[in-house]
Every structure is written in structure tokens, then in C-alpha cells.
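Before any comments, here is the structure.
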Amino acid sequence: MSTVIDTIGDLTDAWQMQDAIATVVNACGHEVWDLHSSGGAFVLETGTHLTDEAISSLCAQLPLSADYGGEGTRGTIIIVTP
């Protein structure tokens, strides 16, 4: 199973991508509750549960492919894949 580091190629690049994701989330008016790598993707959980429209808008603004991943204990989960 590949990891985000295998896909992106460098730990610094992975940190920069996490920073870019967090920046977009904040710019869209949401907060990051959790953002970590898991396997070959980043898993983002927002601080609140988002509406379908907000999810679509956020996914469209992210710098990588992003899909709805469900609802977490704190907020909406978005899977961001390099």
C-alpha cells in the first residue's frame, strides 16, 4: 500500500500540501479539526458538519482531488488524494 509520502515523494512536500489544504479550508470559512495522512490520501475533518453545498464548494476549491468521506464525530470528513 502506498503512502502520501510515496505518492508526493518528500515529507516537506506533504507538509506543504497539508498547509495548502488548511489554507483553503480556512479561506472558505471553515475550520480544520483534524488533518492527517492515511495510506495514499489526506483525511480532513472539519470543525462542524457541512451542508451538501458547502462540501461541494470546498472540494472544488482544494488543490487536489477531493471527495466526501462521511461524517465524523466532530464534522464532515473529506478525503483528499494526491
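The values are calculated or read from the model by the stated rules, or taken from the named source; none is laboratory data. Everything numeric in this text was worked out from a predicted model, so none of it was measured. Please note: Cβ atoms are built from the backbone with ideal geometry, for glycine as well, and neighbour counts cover all protein chains shown. The area values use the complete protein model at the heavy-atom level, side chains included, leaving out ligands, DNA and RNA. Shrake-Rupley method; radii C 1.70, N 1.55, O 1.52, S 1.80 Å.
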Inset, instruction - Could you list all residues from the stretch 49-82 that are open to solvent by 50 Å² or more (accessible area, probe 1.4 Å) and touching a His at 6+ places or on another chain (Cβ under 7 Å)? - result: GLU71
Inset, instruction - Mind counting the residues in the stretch 37-48 that are more than 18 Å from GLN16 (Cα to Cα) and surrounded by fewer than 19 Cβ atoms within 10 Å (Cβ to Cβ)? - result: 2
Inset, instruction - Sort out which residues of the stretch 1-41 are under 14 Å from LEU64 (Cβ atoms), modelled with pLDDT under 95 and in contact with a strand residue (DSSP E or B) (Cβ under 8 Å, 6 or more places away or on another chain), and write them in order of number. - result: VAL4, ALA14, MET17, GLN18, SER37, GLY40, ALA41
Inset, instruction - Report yes if ALA14 is surrounded by fewer than 17 Cβ atoms within 10 Å (Cβ to Cβ) and either in contact (Cβ under 8 Å) with a residue 12 or more places away in the chain or among the β-branched types (Val, Ile, Thr) (or both), otherwise no. - result: no
Inset, instruction - Tell me which residues, restricted to the stretch 20-77, are touching a residue at least 24 places away in the same chain (Cβ under 8 Å) and aromatic (Phe, Trp, Tyr). - result: TRP33, PHE42
